[in-house]
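The values are calculated or read from the model by the stated rules, or taken from the named source; none is laboratory data. These numbers were taken from a predicted model, which means no experiment stands behind them. Note that we place each Cβ from the backbone using ideal geometry, even for glycine, and neighbour counts take in every protein chain shown. Heavy atoms of the whole protein, side chains included, go into the accessibility calculation; ligands, DNA and RNA do not. Shrake-Rupley method; radii C 1.70, N 1.55, O 1.52, S 1.80 Å.
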Amino acid sequence: MRDSLILAQRSVTKMFRKPEQFLDVTLQPIIMTVLFVFVFGGAIAGSTDEYLPFVLPGIIVQTVMFTSLTIGVNLNSDIEKGVFDRFRSLPIVRSAPLFGAVLGDIVRHAIAVGVTLIFGVIIGFRFHTDFLSAAGGILLMVLFAVCLCWVSVFIGMLARSSGAVQGLSFLITFPLTFGSSTFVPASTLPSWLQGWVAVNPVTHVIEALRGLLSGTQYMAAGTTLGGELLWVAGWCVVLVAVFFPLATWAYRRKV
């Protein structure tokens with residue numbers, strides 16, 4: 001843990017020395033919110049005021065999904081530059097660089113969630129739940145992001161270049177984010193697509209976050225907050241149980 005925390009500090013220091021790395025967690029969620037709320041909100045929900053409580057949790061989840069891709073790209077770049085060769089010569093736990101990178105990325109996820117919520121409040125979003133529920137929603141997103149990072153780490157260890165990591169990650173992320181209830185209710189989608197949406201883990205994360213931030217009235221019909229939270233907890237366990245061993249195996253094999 002000590003080695004991982006030291007390397008997490010290195011990761012955070014690198015971020016703040018290169019402020020452009022924060023563009024995707026600051027400008028991107030703002031652009032996506034403006035685009036979908038003010039361009040599509042009237043057509044989808046009849047008014048932007050009605051659409052904002054529905055779509056903002058979805059935009060938060062989408063932002064976290066895309067933010068989690070960065071860790072795989074950064075790790076792959078470090079390996080190409082020989083940084084991990086230096087780590088191998090240090091008296092540290094061999095897997096500490098992976099844990100440190102994941103822990104350091106919590107800062108990026110927290111900024112992404114915070115910026116999206118603050119901008120949402122500025123343009124009219126209001127919490128329809130109590131403080132504990134809203135705080136629980138924020139913590140839920142950070143937890144899900146940390147678990148999701150191990151998928152990106154695994155891809156970063158397998159790919160031969162950082163460009164390939166980004167391309168493969170987008171191929172996985174786009175069907176998950178857009179093939180869900182992020183922007184429209186699942187009931188409005190074609191029947192063949194509704195089957196995919198129902199088993200999509202992103203859908204359950206979005207519905208749980210809607211219940212925690214906007215209230216259960218914005219959740220899909222037939223769903224409950226407790227049930228969706230159990231789904232999210234189950235998916236977090238699956239992501240870590242499957243991709244953490246795979247990521248560490250690929251890391252040991254590569255370095």
Karplus-derived HN-Hα couplings along the stretch 63-75 (A = 6.51, B = -1.76, C = 1.60, θ = phi - 60°), whole Hz, x at Gly and Pro: 4, 5, 4, 6, 5, 5, 6, 5, 4, x, 5, 5, 5
Accessible heavy-atom area order of GLU228, GLU20, highest first, probe of 1.4 Å: GLU20, GLU228
Estimated [θ] at 222 nm from DSSP helical runs (n ≥ 4, -39500 (n - 2.57)) normalised by residues in the chain, nearest 500: -25500 deg cm²/dmol
Most to least accessible of ASP3, ASP49, ASP85 (protein chains only, probe 1.4 Å): ASP49, ASP85, ASP3
Whole-Hz couplings from phi, Karplus 6.51/-1.76/1.60, listed for the stretch 83-92; x for Gly and Pro: 5, 6, 5, 5, 4, 5, 7, 8, x, 10
Length-normalised contact order for the stretch 2-254 - Cα pairs under 8 Å, 6+ apart - percent: 27 percent
Residue-wise HN-Hα coupling along the stretch 20-37, computed from phi with Karplus coefficients 6.51, -1.76, 1.60 (Hz; x: Gly, Pro): 5, 5, 9, 4, 6, 9, 10, 7, 4, x, 5, 4, 5, 5, 4, 4, 7, 6
Distant-in-sequence amide H partners of SER181 (H built 1.01 Å from N, under 5 Å): THR203
Label-point gap, in nm, between ILE118 and PHE131 - each point 7 angstrom along Cα→Cβ: 1.9 nm
Exposure rank, largest accessible area first [MET32, MET15; 1.4 Å]: MET32, MET15
Cut-off 14 Å between beta-carbons: net charge of the residues surrounding SER11, Lys and Arg +1, Asp and Glu -1: +2
Counted charge near ALA96, where neighbours are those whose Cβ lies closer than 12 Å (Asp, Glu -1; Lys, Arg +1): +3
The stretch 2-254, accessible surface, carbon-and-sulfur percent (1.4 angstrom probe): 69 percent
Accessible surface, the stretch 171-255, averaged per residue in Å² (probe 1.4 Å): 49 Å²
SER180 - accessible surface, heavy atoms, 1.4 Å probe, Å² rounded to 10: 0 Å²
Sequence-distant aspartates and glutamates (8 or more away, or on other chains) whose Cα lies within less than 20 Å of LYS254: ASP78, GLU80, ASP85
Neighbour net charge for VAL115 - beta-carbon separation under 13 angstrom, K R +1, D E -1: 0
Area of TRP231 that stays accessible when all protein chains are in place (1.4 Å probe, Å², to 10): 130 Å²
Solvent-accessible area per residue, Å², over the stretch 10-137 with all protein chains present [probe radius 1.4 Å]: 46 Å²
